[in-house]
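Heads up, the thing below is written out as structure tokens.
Derivation of every value follows stated rules applied to the coordinates shown; laboratory data play no part. Because the structure is predicted, anything quoted here is derived from the model rather than measured. Because the Cβ atoms are built from the backbone with ideal geometry, glycine has one as well, and the counts that use them run over all protein chains shown.
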Amino acid sequence: MSFFYVKALHIIFVVTWFAGLFYIVRLFIYFAEAAEKPEPERSILQRQLALMQKRLWYGITWPSALLTLIFGLTMLYLYGSVPGWLVWKLCFVAGLYVYHFLCHRIFKQQQLGILRYSANQLRIWNEVATLFLISIVFLVVLKSSLSMLWGILGLILFAAILMLAIRIYKRVRERS
């Protein structure tokens, strides 16, 4: 019975972690867009966005990432064995933590007022978390190597569609 409580807590913190990852990159985008505004609008917006980033990152995203890890490792211990699909899931999860640390680097840069990425580059970066989410959920639900192969092909197609949608969105924004 304790496995199911741990699993429920793991899922809850995965959801809040992803919410934080999705929203933090949106705040990065808004921060980058604010840099194009005239003063005093620029500094007012960037100061407020930096505060929102800090509260989200340290109040929700980091704690959720750590609790996801704690409950995930506890589930792994309680699970007893490591089937093939779980090995692949853990590889994607490791990639997600790399993504998290790279977001932390962008966060620290923006907190210092350093902008290394354009709003459009950050829009693309925002979709990386989506790809991890889809990969991990399909692996957990389907638990099959053949399904994983189809999932990877679908993921590549989905990524191509996302890139096309971002380009279309950029063109539409430029016309407005």
Angle, helix 62-79 long axis vs. longest principal axis of the chain, Cα atoms, 0 to 90°, nearest 10?
10
Would you kindly derive the ³J(HN,Hα) couplings of segment 167-174 from the backbone phi angles with the Karplus curve 6.51 cos²θ - 1.76 cosθ + 1.60 (θ = phi - 60°), listing them in order in whole Hz, with x for Gly and Pro?
5, 4, 4, 4, 5, 5, 5, 5
Which shape class applies to segment 43-84: rounded if a/c is under 1.5, otherwise prolate when a/b exceeds b/c and oblate if not, where a ≥ b ≥ c are the square roots of the Cα gyration tensor eigenvalues?
prolate
Rounded to one decimal in nm, the spacing of the 7 Å Cα→Cβ label points at residue 158 and residue 116 is 2.8
Ranked highest first by the average count of other Cβ atoms within 10 Å around their residues, in what order do 105-116, 22-33, 55-66 fall?
22-33, 55-66, 105-116
Hydrodynamic radius of segment 1-117 per Kirkwood, over alpha carbon pairs, in Å:
15.8
Note to self, the chain gives a 222 nm [θ] from helices alone (DSSP H runs n ≥ 4, -39500 (n - 2.57) apiece, / all residues, nearest 500) of -30000 deg cm²/dmol
Compute the acute angle (0 to 90°) between the alpha-carbon long axis of helix 2-34 and the principal axis of greatest extent of the alpha-carbon atoms of the chain; round to the nearest 10°.
20
Determine the shape class of segment 80-176: with a ≥ b ≥ c the square roots of the Cα gyration tensor eigenvalues, call it rounded for a/c under 1.5, and otherwise prolate if a/b is greater than b/c, oblate otherwise.
oblate
Points 7 angstrom from Cα along the Cβ direction at residue 26 and residue 140: gap in nanometres?
2.1
Nearest-ten-degree value, helix 84-111 long axis tilted from longest Cα axis of the chain
20
Modelled label reach - residue 165, point 7 Å along Cα→Cβ, segment 106-123 residues with backbone N closer than 15 Å:
123
